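Have a look at the structure below before the remarks.
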Amino acid sequence: MSTPQGPQDPQQPGYGYPPAQPGYGYGYPPPQEGYPPQPHLPISTQEPDWLALAAQQEAATKRRKRRVIIGSVLGGAALLAGAVFVAANVAQDKDSDTVVGASPSPSSAPSSGTPSPSGTGGATSSADPAATMRGSDLFAAATLPINGQKFVRKSTSHETPCWKATENGLGAVLDKNHCTQVMLGTYTSGSDSVTVGVMVFPSAADAKAAEAAFKGRITAVGGKSGVPDFCGKVSCAVTHAVHGRFLYSTTAGPNSGSAGESDSGAIAAGQGIAAYALSRLIEMD
């Protein structure tokens with residue numbers, strides 16, 4: 001009778017695995033140098049957070065502007081230092097009683113010419129990118145995922161004078177503060193619809209004044225272009241905020257035509273589309 005054999009030494013041949021290499025597990029070849037294992041990255045299926053994206057874009061824009069300002073200041077300081085150095089050398093070549101800059105040069109003397117209009121340095125409205133912008137330019141996204149719903153762009157347009165795109169007193173506020181045009185977009189999902197409007201002003205001060213006096217709402221573009229007749233004579237979820245010289249606002253409500261002011265779906269839809277509008281305005285900076 002053969003004597004029972006105990007467990008074989010995994011280091012001995014015939015165990016069924018290749019001999020272990022020093023410093024590594026049994027039966028596994030040592031890792032190749034220069035080829036570390038690559039991690040498997042999870043694929044995100046979450047919808048975009050428009051408000052977070054807008055905040056990131058705004059922060060990046062501010063950082064970019066700061067760099068430009070710092071560069072301009074440093075460049076200006078270098079030029080000023082060079083000018084002072086040259087002026088000092090010129091003064092040293094003259095009589096010691098000569099005061100540098102005591103006599104104005106012809107270019108710095110008062111001019112009898114006509115000043116540029118409105119103190120703008122001759123700038124015209126043709127240099128304003130928003131002057132010819134339309135709703136289709138601003139609201140470029142054909143679909144938007146908001147609060148678990150897919151919103152489809154149904155229409156875009158623009159209105160001038162601004163009061164044509166408003167109701168319940170908003171038009172008078174816009175006209176008083178020199179609004180030049182309103183760019184509009186309407187998005188709808190299976191449950192809710194939103195009309196978003198971006199109002200253009202000559203200055204940030206005008207936009208802020210209009211926002212401070214805001215009342216009424218952007219008129220909901222419903223009942224056509226495949227959009228349900230939402231926010232007719234009922235109260236709706238309204239948002240309004242300012243970015244630079246733009247005032248942006250949304251009017252949102254359920255597709256059933258019922259009031260949206262306290263409807264959680266309509267409120268979330270309006271806030272989501274407003275955040276998208278802000279992200280587009282930041283891209284224009």
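Within region 215-229, being within 17 Å of residue 271 (Cα to Cα) and either in contact (Cβ under 8 Å) with a residue 60 or more places away in the chain or of a type in the set (A, V, I, L, M, F, W, C) (or both) holds for 218, 220.
Residue by residue, here is whether (1) β-branched (Val, Ile, Thr); (2) under 23 Å from residue 283 (Cβ atoms); (3) over 18 Å from the mean Cα position of the chain (by Cα); (4) modelled with pLDDT under 95 holds:
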position	(1), (2), (3), (4)
177	no, no, yes, no
180	yes, yes, yes, no
193	no, no, yes, no
196	yes, yes, no, no
203	no, yes, yes, no
214	no, no, yes, no
234	yes, no, yes, yes
239	yes, yes, no, no
245	no, yes, no, no
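Could you list, in sequence order, the residues of region 244-273 that are in a helix (DSSP H, G or I) and surrounded by fewer than 24 Cβ atoms within 10 Å (Cβ to Cβ)? Of everything in region 244-273, those that are in a helix (DSSP H, G or I) and surrounded by fewer than 24 Cβ atoms within 10 Å (Cβ to Cβ) turn out to be 264, 265, 267, 268, 271.
Kindly evaluate residue 154 against the criterion of being farther than 18 Å from residue 236 by Cβ, basic (Lys, Arg) and in contact (Cβ under 8 Å) with a residue 24 or more places away in the chain. Criteria not met by residue 154.
Tell me, yes or no, whether region 188-203 has at least one residue that is exposed (fewer than 14 other Cβ atoms within 10 Å of the Cβ), touching a Lys or Arg at 6+ places or on another chain (Cβ under 6 Å) and more than 25 Å from residue 152 (Cα to Cα). So far as region 188-203 goes, yes, one or more of its residues are exposed (fewer than 14 other Cβ atoms within 10 Å of the Cβ), touching a Lys or Arg at 6+ places or on another chain (Cβ under 6 Å) and more than 25 Å from residue 152 (Cα to Cα).
Evaluate the following for residue 230: is it buried (at least 18 other Cβ atoms within 10 Å of the Cβ) and either over 22 Å from the mean Cα position of the chain (by Cα) or part of a loop (DSSP other than H, G, I, E, B) (or both)? Yes; evaluated as a whole, the condition is true for this residue. When 226, 222, 171, 253 are checked against the criterion of being more than 25 Å from residue 145 (Cβ to Cβ) and of a type outside the set (Asp, Glu), 171 stands alone in meeting it.
The values are calculated or read from the model by the stated rules, or taken from the named source; none is laboratory data. Everything numeric in this text was worked out from a predicted model, so none of it was measured. For neighbour counting, all protein chains shown are included, and Cβ atoms are generated from backbone atoms with ideal geometry for every residue, glycine included.
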